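J.: Please see the structure below; I have some questions.
All of the numbers you see were taken from the coordinates with simple rules; none came from a lab. All values derive from a computational prediction rather than experimental measurement. Note that each Cβ is placed from the backbone with ideal geometry, even for glycine, and that neighbours are counted across all protein chains shown.
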Amino acid sequence: MTKEKFSFRLSGTDGAARLGQITTPHGTAQTPIFMPVATQATVKGLTFDEVRNAGAETVLSNAYHLYLRPGVDRIRDAGGLHRFMGWAGPVLTDSGGYQAFSLGALRRINDNGILFRSHIDGSEHLFTPEVAIRNQQLFGADIIMCFDQCVFSAGDRSDVRAAMDRTHRWARVCYDTHAPTAYSGVQALFGIVQGGTIPEFRDESTELVTSIPFDGYAIGGLAVGETKEEMHRITRQVCEGLPSDKPRYLMGVGSPEDLVNGVALGVDMFDCVLPTRVARNGALFTPTGRINIANRRYGDQDVPLDETCDCYACQHYSAAYLRHLFKAGEMLGPRMASVHNLRFVLRLMEQMRDAIAGGRFVEFRDRFLGAYQPTDEQSRQTQKHRWIRERGV
Amino acid sequence: MKLFLEKITSSGGRVGRLVWCTESAQSVLETPLCLPYTRAGAIPHIVQSVYQDLSPRPTAAMLTLPSLYELPGSAVLKEYDYGIHNFLNMKDQFLYLSIQDPHCPPRSGFNEEKSTSVWTNGGRMKVSVAGYMEFVRASRPNVFESLCDSVSSQTNKLKRVRKSVDRTLRFLDQTLAMRQNCQVLEECGLLGAVVGGDVYEERVRSATETVKRPVDGFVIEGFDLEHSHECYQSILQSATSVLPQSSPRFIHGVYSPGDILTAVESGVDVFDSACVLTATENGCAFTFHNSSSDCVENRRENRGATENIAAEPPSHQIDLNDEKYAMDFSPLLRGCECYCCVHHTRAYIHHLLITREILASTLLMMHNFTHLMKFFASLRDVLRSPLESDYLHFKSLCAFPEHFLHA
């Protein structure tokens, strides 16, 4: 680990698409970047070697889950989250606000914070902006997030307004908690722009959050059930208002087509559980769209699922064998599917970075989107709403 | 497939080489050998490179019929040129096919005169000699076990045990007859199954009769975690003492270091690694002694110190579910060079188990599998040593009371 402070350098653009590099005490990462999600200090089912070999440079962990298990003290005593989980590269932690809001049984939200019951054992906990920052400092992630109040974008106007106002107050508290400490500058703190899908609110939030000198800015409150058009519209709008010399992070996004569109709109950082989650259920990404490996047509496909893919699964196993593992209920099946999907997404990011560097991003985007058939809007929305109901994400 | 014995030690243990021919060349595996246990053709949870990194090529695996018979099944496998080797992407590996899955408790109550039952994902399926031969013809393993009716040691009705011996011999004869007329089947080695439960006379009868048939080796059936220790050795020897020296002897269901060594001393050559999965599923990591570093040859070569005896009292395994590991930032086993011990701590594994994360099984499998393979490598080392005391010293360090496994 070096004594580097956090920094971001924009090294090139191609239209609105941007190429850059993040530097942290635990190494560098190229942007645009996709960060696999290691919610509970593990990317579900994968060793960190497998995660790195798929091309990941940064992972994301969740402070809510880690706060409950194993707990802040245990991670601190292990020497921090990097040492605890065995990942030596950059780490970003989410503040846990969203999970406290959605997973835990809510007791009370007020200007102080969120009082909630753990979804594990019902014990009561209070998350305030100060607590959220303090926990993340102790975890030792390279990038930490402000504590914000979340609301579903379908909520009514006054709810969105109230959540936004509170988020702004908390952003200031988070900044004031973090800035005077020795962690500041070494651990980057990102602010989060909220405002639902209401353009005036988004403008207001962008202006206010960027008035605070955070190390980076995230676009929160999207990928929670709004339409693709709304998501693109808001992303474009907010990106146009964000400073160009700091990284832009679109939280919770997304599927391959979302990543390509996000990069086209000027986003630098993404995270999403989609690749690994759908993989565990047999849905694998290919250049022409998502397929389900359980489908009978793969039963005698003696060649790898995607001959252009260089992941471990495609280098070693045929589609028929992968399907066989799923049918047999062997965990190796979902694990290999996760490796494949992660590699697909991470390779997509590599290709995009290449294209931006070569000034051919638009051509790449058009070619990719031309071939890739996204999951239809109806099923996507159904699945999304079910996830939100069941798991809060 | 042929076994070449290098040495028979005074303890009775045999060291040797199993040689078989692939399309391209002759390949060799050293015995006593531990075949990686597989389900659906895969070592559970882990990728092949974990195994391949541990030992130089060639490699081997034990395939278990129940997880392959229904799916992929004969119909799919016969489309592949090299049968199951191709389907599993295990070309040039030594693949042995057993009738039952040693990880599951035996259920002999469903076997009949004309078939043995196996439990697939879809439920119970009856396997006749004809059905089994169709599967072997489609899959073409290097060696397969003859269809058998194996009763567990819990069965004490003499009539049932006799029947199992009779049926198994009949299945063997039918198999031999079908094999005679089929070149594909002739190219696969055939192992005769020695059954007979815990009845001494029946064991001897089964062994003696099976020896009369032209088989390439033997599987000593009927051992599992339930068998009692007292008659284990004598029953085992009642069978092995009858078998020809030069034939390889396979066994399933024998897993504690003490039991493995007893079996080796009784003349068994090939084992399986199903215990690795059992320990993993219980959240346990092997810690039993598995090093030969203090045997003469290694002392001379100065190969590492006696690592795992240092700080903690010796144990067979540790249960990472235990709260006491929550803040233990040491590796699962000091001195172990597996991926898990090099990169992770007991505290992390404990956390993964508590949060029911998939990675717990993956990492524990990597450790336990590596540990067991090292045990066998060390066993071969000490058996080869010119000093009998090396083997006895090794045995004294790793043979634990049986009850550890039943904890």
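J.: With a/c under 1.5 counting as rounded, go ahead and sort the range A:7-271 into rounded, prolate or oblate using the C-alpha gyration tensor (a ≥ b ≥ c being the square roots of the eigenvalues; past the cut-off, prolate if a/b is larger than b/c, else oblate).
T.: Taking the square roots of the gyration eigenvalues as a ≥ b ≥ c, the range A:7-271 is rounded.
J.: Counting Lys +1, Arg +1, Asp -1, Glu -1, what net charge surrounds residue B:267 among other residues with beta carbon under 12 Å of its beta carbon?
T.: Result for the local shell: 0.
J.: Give, as ranges by residue number, the residues of the range A:300-314 whose backbone N falls under 18 Å from the point 7 Å along Cα→Cβ of residue B:75.
T.: Only A:300-302 fall inside the zone, counting backbone N under 18 Å.
J.: Who wins for biggest fluctuation among B:382, B:50, B:15 in a Gaussian network model of chain B, springs between alpha carbons below 10 Å?
T.: B:50
J.: Scale the Cα Rg of the range A:287-393 by the rule-of-thumb value 2.2 N^0.38 Å and send over the ratio, two decimals.
T.: For the range A:287-393, the normalised Cα radius of gyration is 1.24.
J.: For chain A, list the cysteines whose Cβ sits under 4.7 Å from no other cysteine Cβ?
T.: Isolated Cys, chain A: A:150, A:239, A:272, A:311.
J.: GluC sites (Glu not before Pro) within the range B:142-228: which are DSSP loop residues with at most 12 other Cβ atoms inside 10 Å?
T.: Listed in order of number, the matching sites are B:226.
J.: Exactly which trypsin sites (Lys or Arg not before Pro) in the range B:332-397 are in a DSSP loop and have at most 11 other Cβ atoms within 10 Å?
T.: Answer in residue order: B:356.
J.: I would also like to ask the following. Taking a temperature of 4 °C and a viscosity of 1.567 mPa s, what whole-number D in µm²/s does Stokes-Einstein yield for the range A:1-71 with Rh from Kirkwood over alpha carbon pairs?
T.: For the chosen part, D equals 93 µm²/s.
J.: Continuing with the same structure: Within 10 Å of each Cβ of B:259-266, how many other protein chain Cβ atoms are there on average?
T.: 0
J.: Could you work out the equivalent-ellipsoid semi-axes for the protein assembly as shown, taking the square root of 5 times each eigenvalue of the Cα gyration tensor, largest first, in whole Å?
T.: That gives 56, 29, 23 Å for the three semi-axes.
J.: May I ask you to order B:254-265, B:111-122 by the average number of other C-beta atoms within 10 Å around their residues, highest value first?
T.: The most tightly packed comes first, giving B:254-265, B:111-122.
J.: With springs only between Cα atoms under 10 Å apart, run a GNM on chain B and tell me which of B:65, B:320, B:387 wobbles the most.
T.: Of the options given, B:387 has the highest mean-square fluctuation.
J.: Between rounded, prolate and oblate, where does the range B:2-272 land on the alpha carbon gyration tensor, with a ≥ b ≥ c its root eigenvalues, rounded for a/c under 1.5, else prolate if a/b exceeds b/c?
T.: The shape class here is rounded.
J.: Filter the cross-link list B:114/B:163; B:91/B:126; B:126/B:163; A:327/B:114; B:374/B:395; A:5/A:246 down to pairs whose alpha-carbon distance in this structure exceeds 20 Å.
T.: B:91/B:126; A:327/B:114
J.: Hey, in the GNM for chain B with a 10 angstrom Cα cutoff, which one of B:108, B:206, B:98 fluctuates hardest?
T.: B:108
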